[in-house]
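**Q** Starting off with a structure, shown below.
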Ligand code: HEC
Ligand code: HEC
Ligand code: HEC
Ligand code: HEC
Ligand code: HEC
């Protein structure tokens, strides 16, 4: 009797701290409207750069403008099989009608003293999923990499080893701290 009552409590006491430190990444923010990457990038196979057009051209990936949503949702107004999705689309259509931009909440944010550039990474063949995980399976985008200095350096050392001379600067402080 005693053992069976103590059992679950002990187990919880042992497991909880593990869960808490193993899962130290921030939870995803609450967005003003539900937007699913699984539906767009997964089920409907829309490419990442169709919406994040600046990744290949500039330092930031950029979150799509309302005009980008409008381009498709002029036509995509409902889902006959899934009423829940239709309700989400209605919220978007109201924003578009009222010309009210959606204020997306940032998911990833490096401290200001760190310099990061998407273009450099994409051009040298690093793919989105190496840093962001399988976004096309996520209903809500969340941070899956720690984004710590150790995490950046781990990959930079690995890539440096491939071309030591040309990439000597990849682990220098000034590369990431301007
Ligand atoms: C139909 C447009 C669309 C497509 C396609 C799309 N995204 Fe997004 N993405 C968005 C919107 C809108 C947001 C902002 C809302 C949110 O965070 O969910 C966003 C947010 C993100 C974020 C979080 C940005 C932050 O705030 O830090 C990442 C990372 C991301 N997308 C990666 C991807 C990747 C990788 C793909 C391809 C597998 C992709 N996206 C395809 C529209 C799109
Ligand atoms: C390339 C075309 C395309 C673009 C661009 C696009 N969508 Fe969609 N969207 C779709 C399709 C297709 C569906 C799925 C409809 C269905 O369920 O049959 C969809 C579904 C949705 C839904 C319901 C499912 C969900 O995610 O909860 C919402 C909300 C939505 N879109 C919002 C947006 C927003 C916001 C943008 C702009 C950032 C956007 N869409 C850009 C094609 C697009
Ligand atoms: C080498 C790692 C890495 C790769 C590869 C990468 N990202 Fe990112 N991404 C980041 C980091 C780090 C941030 C946060 C940047 C900041 O806060 O300044 C970020 C931020 C973002 C953001 C939100 C802020 C912004 O820059 O607009 C979006 C959207 C995004 N990434 C999409 C993508 C897409 C789409 C791809 C693939 C085409 C991609 N990323 C590839 C590391 C990466
Ligand atoms: C998965 C591997 C990977 C990760 C993770 C990664 N990088 Fe990189 N990074 C690269 C590669 C590859 C290059 C390009 C090297 C080249 O052009 O030869 C690069 C280039 C850069 C450059 C440009 C260097 C130059 O030549 O001026 C900066 C700045 C940079 N990374 C910062 C960061 C920061 C900050 C992080 C962490 C938030 C990070 N990187 C995470 C692989 C990575
Ligand atoms: C590849 C990119 C990269 C390189 C190279 C790099 N850092 Fe960083 N550094 C980061 C990132 C990302 C952060 C922010 C995340 C964190 O604190 O781990 C950071 C944070 C820091 C901080 C702040 C820690 C805090 O607690 O706020 C200091 C100090 C620092 N770096 C010093 C250095 C020094 C010194 C070097 C050279 C020996 C260096 N960094 C090289 C990416 C880099």
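**Q** Starting from 0.36 nm per residue, how many nanometres of slack lie between residue 96 and residue 77 once their C-alpha separation is accounted for?
**A** That works out to 5.7 nm of additional length.
**Q** Further question: Using only alpha carbon pairs under 8 Å that are at least six residues apart, calculate the relative contact order of region 31-108 and give it in whole percent.
**A** 32 percent
**Q** Given contacts defined as C-alpha pairs under 8 Å and at least six residues apart, what's the relative contact order of region 80-166, whole-number percent?
**A** 18 percent.
**Q** Still on this structure, please answer the following. Set the Förster radius R0 to 30 Å, insert the Cβ-Cβ distance between residue 38 and residue 113 as r into 1/(1 + (r/R0)^6), and round the FRET efficiency to 0.05.
**A** 0.30
**Q** Using r as the Cβ-Cβ distance of residue 172 and residue 104, and R0 as 35 Å, what FRET efficiency do you calculate, to the nearest 0.05?
**A** 0.55
A short reminder: the numbers here are calculations on the coordinates, not readings from a lab. A quick note: this is a predicted structure, and the numbers were derived from the prediction, not measured. In this analysis, Cβ positions are derived from the backbone assuming ideal geometry, glycine residues included, and neighbour counts consider all displayed protein chains.
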